Amino acid sequence: MHTRRHLIAFSLATTMLAACSSVPTMTDRPPIVFMHGNGDSAALWLTTLWRFESNGWPRDRLFAPDQPFPLARDDDGVAQPGRSSTAESMAFLKAEVERVLKATGAPKVVLIGNSRGGNTIRNYVQSGGGDQVVSHVVLGGNPAHGIWAVKGLREGSEFSGLSPFIQQLNAPKNTAGDEVAPGVKWLTIRSDNNDKYAQPDGVWIGAKGTATNIGFDGPALKGATNIALPRVDHRETSFSPVAFNATWRFLTGEAPRTLQPVAESTVALSGRVTGLGLDPLNPASGAFVNNLPLAGARLAIYAVDAATGARRGQAVWEQTIDADGRWGPFAGQATTAYEFVLSAPGYAATHIYRSPFPRSSAVVQLRPERLAEADRDAKALVIFTRPRGYFDAQRDTMRFNGQSALPGVPPQGAGVSSSKIRLASDAPESVTAEFNGERLAGRTWPAEKGEISVLELSY
């Protein structure tokens, strides 16, 4: 994967972390709580959890919760259905930490957050009592000084550097002007210049040519250990091997044994099925993402040929989703590729094709798609998506259905994580996609019958 090439350039920064005498070498691993970002879910921590486990961190000390409404309000001070405020996000994290402390008996936790999750963590440590129960914090791609700081532009948003929320978070904590709460060890991980939410130009907020007044170093915080990783994108500041390397060294003072998941012979897979809108069962309630259970959805899992996506027999797992949204546990094989088929009223029958799962996971979250009006005349639709990072045409080696230029992906910059092709035939065929060595294959399904194919990367 391309992030491996960054390790040489990164060695000086990580050596500094490993040599830092204030970072203890831990033999009794504390629990870690992972806080996802805006519009995201616990599923994004999948490979990070695998890496922690593969380096000896106990699986039962790793916790990745789902915030029910993960999207931030347009204006933090104004109630908005289906959106969460900074106060609500902090209350959610506080309750999760208290639950983890009670379940484990540990005196303190480590908090790791991506993007908006970093805002929530900082707010909790600074204003919610977290400074008493948190030992270390790692923030990846956190918009610590906002995504923009433009007078008159949505100043009430928690992503505005001029908002009361950001101003309060960054107020000096001591005479040295530190922006982080004392008593906790802080690490920020950012991109050198490839984070869509730390750009001096407003191209990724729909204002190309307008100054955001935020620099590439926007995620850095005075008083923290701050490192920049070459060419990583916004999500890779948390979910890439090089980000894990920095995180592990910060927490332990040692180099990790491996940056890749160590395979298990058999795997147990489970997670949650979630939907869209204020009410997942009511299409009229909106099409924004949520982490609410999609009760009554039907899930079927098929083993498939990894080269073609063709099914290798009947379903190996079938389930109707209960009120809690949970599915599984399904006992799978670490060398087998699977197709997950979700069907629910108001949604397209969604065929999700995944690479083999090398390890067990309880955060294999699944969400069906809805057919957009603009796509209803297509004979077949295939979506190629990368949840834990973005596509960068200048950086990455990619192919989708034989094309090296992915539809919808700009020629420069890393700010798009999905590509979609519309096929003129509904005849079943194999479609392949590749990204930096990870290859996926799936089958097409007729759109006129309300079916969609999704090729979902793990890395």
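Things to note:
- What the phi angles of the stretch 352-357 give under the Karplus curve with 6.51, -1.76 and 1.60, with θ = phi - 60°, is a coupling list of 9, 9, 10, 5, x, 8 Hz, glycine and proline written as x.
- Alpha carbon centroid spacing (whole Å) that separates the stretch 407-451 from the stretch 251-295: 21 Å
- Calculated log₁₀ intensity ratio I(q)/I(0) where the Debye formula runs over C-alpha points of the stretch 72-153, q = 0.11, 0.25 Å⁻¹: -0.33, -1.25
- Share, in percent, of DSSP beta bridges within the chain that are antiparallel, nearest 5: 55 percent
- Structure-based [θ]222 nm, the chain - -39500 (n - 2.57) summed over DSSP H runs of at least 4, per residue, nearest 500: -5000 deg cm²/dmol
- Under 11 Å, Cβ to Cβ, from Ala43 - net charge with Lys/Arg +1 and Asp/Glu -1: 0
- Across the options Gly450, Leu381, Ala310, the greatest Cα extent toward the positive end of the charge dipole of the chain (unit charges at beta carbon of Lys, Arg, Asp, Glu) belongs to Ala310.
- Sequence-distant lysines (8 or more away, or on other chains) whose Cα lies within less than 18 Å of Lys222: Lys173, Lys185
- All-pairs Cα distance distribution in the stretch 87-224, expressed in whole percent, bin size 10 Å: 13, 42, 31, 12, 2, 0
- Residue-span extension gain [Ala103 to Asp305] - 0.36 nm each, minus C-alpha spacing: 68.6 nm
- Net charge of neighbours whose Cβ lies under 10 Å from the Cβ of His234, counting Lys and Arg as +1 and Asp and Glu as -1: 0
- Cα-based helix-to-principal-axis angle, 241-252 vs the chain, degrees rounded to 10: 40 degrees
- Taking amide H positions as modeled 1.01 Å from N, with prolines and chain starts lacking one, the residues under 5 Å from Val289 and 5 or more places away or on another chain are Gly277.
- Residues with amide H under 5 Å from that of Ala380, placed H, sequence gap 5 or more: Leu423, Ser425, Ala447
- Here the chain is treated with +1 on each Lys and Arg Cβ and -1 on each Asp and Glu Cβ, and its dipole about the Cα centre works out to around 660 debye.
- C-alpha long axis of helix 86-104 to longest principal axis of the chain, angle in °: 90 degrees
- For Cα extents along the principal axes in Å, calculated from these coordinates, the label among (1) 78, 59, 40; (2) 59, 53, 40; (3) 69, 51, 43: (3)
- Environment charge at Leu111 (Cβ cut-off 12 Å; Lys +1, Arg +1, Asp -1, Glu -1): +2
- Rounded to the nearest 20 debye, the dipole size of the stretch 178-246 about its Cα centre is 100 debye, using +1 on the Cβ of Lys and Arg and -1 on the Cβ of Asp and Glu.
- Of all lysines in the structure, those lying under 18 Å Cα to Cα from Lys208, and not within fewer than 8 positions of it along the same chain, are Lys151, Lys196.
- Each residue of the stretch 267-280 is assigned a 3J(HN,Hα), and the resulting list reads 10, 10, 10, 7, x, 10, 9, 10, x, 10, x, 5, 10, x Hz, derived from the Karplus form 6.51 cos²θ - 1.76 cosθ + 1.60 (θ = phi - 60°), x at Gly and Pro.
- Taking 17 Å as the straight-line reach from the Cα of Lys102, the lysines in range (excluding those fewer than 8 positions away in the same chain) are Lys94.
- Folded to 0 to 90 degrees: helix 7-19 orientation relative to the chain principal axis, Cα: 40 degrees
- The stretch 324-416: C-alpha gyration tensor shape, a/c 1.5 cut-off, then a/b vs b/c: oblate
Only the coordinates and a few stated rules stand behind these numbers; no lab work does. Because the structure is predicted, anything quoted here is derived from the model rather than measured. Cβ atoms come from the backbone with ideal geometry, glycine included; neighbour counts cover every protein chain shown.
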